[in-house]
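Heads up: the structure comes next, in C-alpha cells.
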Amino acid sequence: MKTLIENPLIVTMNDSNDVVDKGAIVIDGNRIAYAGPAERVPAGPFDMVIDAGRMIAMPGMVNAHCHSAANLVRGMMPSKPLEIWRAYYRASLRDMREDDFYASALLGGMEMLKNGATTVLDHFAGSAACKFMGAGAAIRAMRDLGLRHVAALTVTDKNYEDTIPLGQTDVSLNDELKRMSASEAKSTRAWLDECEEFVATFHAPDKLTTACPGPSAVQRCTDELLTGCADIARKSNLPLHIHLAETKAQQVQGNSLYGHSLLRHLDSLGMVGANLSCAHSIWIEDDDVELFAQRGATPVHNPASNLRIGSGLAKVKEFLAAGVNVALGTDGAASNDNQNMFDAARLVSLIHNHAGSDFNQWVSPAQALAMATRNGARTFGLDAGMIAVGKLADIVLLRRDSAAYRPLNDVVNQIVFCENGSNVDTVLVNGEVVVAGGRLTKIDEMEVLQIAEAARAHLEPSMQKELAAARSMEPALAEMYFRVFGKDR
Ligand SMILES: [Zn+2]
C-alpha cells in the first residue's frame, strides 16, 4: 500500500526541527518513504492520495505515561496529595474486571487519537483478580482503535504500609491497609513469572504492541523484583518504565530505605540506562539530573497531573540544560483528567516560566513539542516521533483554516500555544488512517461512549462502598502528609 500526502506544510520535528512548506509525504507500507518538497516527490502510482493543501502535517505525539484503567473515574477524584488521592483511586479499581478495563482503555484511547497522540505508554495497573491484572483487555482496546501502545505491566511486591512513611500506624487503619496490599502485592517470583508470560503473550510490534515490565515505583518493589524486571527488559531489548520520586514523602521514604536517592538506588542495581523511563522524577537530588544525562535515561514529565494533585514542579529546565531526553505524558485520567497531549505540551511550555528564574532556560515551544514527539519515541525504542524517511508512518494532519493558525506566524509556536485538538483532521498510525475528518475510522465513537457509560454504571454500587472505605484512611494519611511537609506551608 502506497499513500501520498499532497502539499501539506510539514512540521518534521527532526533533530533540527525543519519545517517544509508545500511538502509531500509518501508512505510505503507502514514507513515514510519520502518527506520533503512537493516538487521532488517520487512518481506514483499511489493507492491513496490525501489532499493536504490546507493541512499541517506533524508527527503523531507519544503520550509517555498514563494509566488506561483510570478513564471511567475522570473528574471524580479529589484534588488531594498523591498518598491520599491514591487510596481513593485504588478503591475505584478494586471491582473492575476485564470488560471494564476494555471500556476504560477504549475511552481514553479514543480521546488520545482524536487529539493527535499516536502512541501511548500504558503503565497498566488493574485488579489482581484478573490475569495480567486485566492488561490484556486494555491491549485489545488499543489494537481495536489502531493506537500504538507500550504496555508496561505494573508490579509491586511490598505491602502498602511499607511503601509510605506512615509512622505509627493507627490500628483502625489495619483492615484497609491489608485490603490495599491484597489488591496489589504478589510474591516476587509470581510477579516475575507473570511479567515474562505477559511479554511472551503480547509483545508484537506488528500488532502495535510493545509489552514490557513496569515496576510500580522504586520504594514499592524489592531489589529482587526490580532487577528481575530489568533482566526481562534487557533479554528482549524492551523498555523499562517506573514511577520515580513523585512526592516528597517518596523522597523521604527513599532516603530512609536506601540512604540515598531513589534514582541512585536504581543505579546501584545497574538499571539506569537508555531504555529506562521514569514517570514524574520530581523530588530528586541535584546530582540525579547529571545521572539521567550520563546514563541516557528519560524522565517523563506529567504537568497536568503534577498540578492537579500538587506533587511539585519537576526540574525540567535543569534536565534540558543538562541535555537529558525529557518525554511528556498526560498521566491517568484520575489525576489529569483529560488525555490530551496538546494540553500537556501547552502546560509544559508555560508552567516553568517564572519571574526571577533565568528566562534563557524557560521551556520553548519547540522543546515542548520535541518532548511530546521524538523524545518519547526514543525512550521506548520506537522508530517514530518525526516525519523523516524510514520512520514509522504515525502522522497527524491539522486543519489550517482555523483561528489557531490564521494568520500563520509561527507554526510550531501556534501548535503548542493555540492548538487544543479541535483541528485534528486525519491521523495515521503505522501507515493506516485511523481518524478521518476528525472521526475514528475503525470503531464507532458512539459505541465507545456507550460501552464506557455502561461499565461505569454497573460499577457504581461497589465504587461507592470502596470509596467510603478509602475515606476512613484519610485522617492517618493526612497526618503523614503534614508530618513530611510541616503544617503551615
Ligand atoms: Zn502514574
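Laboratory data are not the source of any read-out in this text; all were calculated from the coordinates shown. Keep in mind it's a predicted model, so treat the numbers as computed, not measured. Here Cβ is always computed from backbone atoms with ideal geometry, including for glycine, and neighbour counts include all displayed protein chains.
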- Could you pull out every residue, at least 5 positions away or on a different chain, whose amide H is within less than 5 Å of the one on I50? Hs are placed 1.01 Å off N in the peptide plane, and Pro or chain starts have none. L4, I5, E6
- Message: For the stretch 310-458, I need the span (max minus min coordinate) of the C-alpha atoms along each principal axis, in Å, sorted largest to smallest.
- Response: 50, 42, 36
- Message: I want the local charge near D223. Using Cβ-Cβ distances under 15 Å, sum +1 for each Lys or Arg and -1 for each Asp or Glu among the other residues.
- Response: -1
- Query: Taking only Cα atoms, what is the 0 to 90° angle, nearest 10, from helix 98-114's long axis to the longest principal axis of the chain?
  - Reply: 40 degrees
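May I ask for the Kirkwood hydrodynamic radius of the stretch 85-238, worked out over all distinct Cα pairs and given in angstroms to one decimal? Display every interim value, and only then the final one.
Details: mean 1/r = 0.0616 Å⁻¹.
Final number for the Kirkwood radius of the stretch 85-238 is 16.2 Å.
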- Query: When the Cα atoms of the stretch 303-357 are enclosed in a convex hull and the volume is divided per residue, what value in Å³ results?
  - Reply: 80 Å³
- Applying 1/(1 + (r/R0)^6) with R0 = 30 Å to the Cβ-Cβ distance of F359 and K487, what FRET efficiency is obtained, to the nearest 0.05? 0.30
- Task: Report the percentage of all Cα-Cα pairs in the stretch 37-165 whose separation exceeds 23 Å, rounded to a whole percent.
- Result: 45 percent
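Could you tell me what percent of the DSSP beta bridges with both partners in the chain are antiparallel, to the nearest 5?
Working: 29 of 63 bridges.
Once the DSSP bridges in the chain are tallied, antiparallel ones form about 45 percent.
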- Message: For Cα pairs less than 8 Å apart in space and 6+ apart in sequence, what is the mean separation divided by the residue count of the chain, i.e. the relative contact order in percent?
- Response: 22 percent
- Task: Count charges around K442 for me, please; just the other residues with Cβ under 10 Å from its Cβ, Lys/Arg as +1, Asp/Glu as -1.
- Result: -2
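Charges at C-beta only: +1 for Lys and Arg, -1 for Asp and Glu. How large is the resulting dipole of the chain about its Cα centre, in Debye rounded to 20?
Details: 46 positive and 59 negative charges, 57 e Å.
Rounded to the nearest 20 debye, it is 280 debye.
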- Longest principal axis of the chain (C-alpha) makes with the long axis of helix 474-485 (C-alpha) an angle, in degrees to the nearest 10, of 80 degrees
- So, in nm, how far is label R40 from label D206 when the simple model puts each one 7 Å beyond its Cα toward the Cβ? 3.4 nm
- Query: Contour minus end-to-end for M446 and D162, with contour as 0.36 nm per residue of separation and end-to-end as the Cα-Cα distance?
  - Reply: 97.9 nm
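Expected output is a single nm value to one decimal: the length gained when fully extending between V49 and N420, i.e. 0.36 nm times separation in residues minus the C-alpha distance. What is it? Intermediate values should be presented prior to the final figure.
Working: separation 371, 0.36 × 371 = 133.56 nm, distance 2.68 nm.
Extra length from V49 to N420 when fully extended: 130.9 nm.
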- Note on the structure: Highest mean packing first, using Cβ neighbours within 10 angstrom, the peptides 210-220, 153-163 sort as 210-220, 153-163
- Message: For L121, what residues show an amide H to amide H distance below 5 Å, using hydrogens built from the backbone and excluding near sequence neighbours?
- Response: N63, A64, H65, C66, V150
- By how many degrees, 0 to 90 and rounded to 10, does the Cα axis of helix 188-202 deviate from the longest principal axis of the chain? 20 degrees
- Query: How do T247, T201, T373 line up, fewest other C-beta atoms within 10 Å first?
  - Reply: T201, T247, T373
- Task: Determine the sum of side-chain charges near V363: Lys and Arg each +1, Asp and Glu each -1, restricted to other residues whose C-beta is under 14 angstrom from that of V363.
- Result: +1
- Using the number of other C-beta atoms within 10 angstrom as an exposure proxy, rank D47, D122 with the fewest first. D47, D122
- Spin-label model distance (nm) - E460 vs S16, 7 Å beyond Cα toward Cβ: 5.9 nm
- Query: In a solvent-free Debye calculation with one equal scatterer on each Cα, what is log10 I(q)/I(0) for the stretch 61-379 at q = 0.06, 0.13 Å⁻¹, listed in the order of the q values?
  - Reply: -0.17, -0.88
- Query: Per-residue HN-Hα couplings for the stretch 416-432, Karplus 6.51 cos²θ - 1.76 cosθ + 1.60 at θ = phi - 60°, whole Hz, x for Gly and Pro?
  - Reply: 6, 8, 10, 7, 10, x, 6, 9, 5, 9, 10, 10, 10, 10, 6, x, 9
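Provide D358, D337, D21 in ascending order of the number of other Cβ atoms located within 10 Å of each residue's Cβ, fewest first.
D358, D21, D337
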- Query: Which value in deg cm²/dmol, rounded to the nearest 500, describes the helix-derived mean residue ellipticity at 222 nm for the chain, given -39,500 (n - 2.57) per DSSP H run of n ≥ 4 and division by the residue count?
  - Reply: -11500 deg cm²/dmol
- Message: What FRET efficiency comes out for S268 versus A128 if R0 is 30 angstrom and r is the Cβ-Cβ distance? Round to the nearest 0.05.
- Response: 0.50
- Message: Along the Cα→Cβ direction, 7 angstrom out, place labels at D99 and R406. What is the inter-label distance in nm?
- Response: 4.7 nm
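For L350 and D383, calculate 0.36 nm times their separation in residues minus their Cα-Cα distance, and state this gained length in nm to one decimal.
Numbers: separation 33, 0.36 × 33 = 11.88 nm, distance 2.88 nm.
Extra length available between L350 and D383 comes to 9.0 nm.
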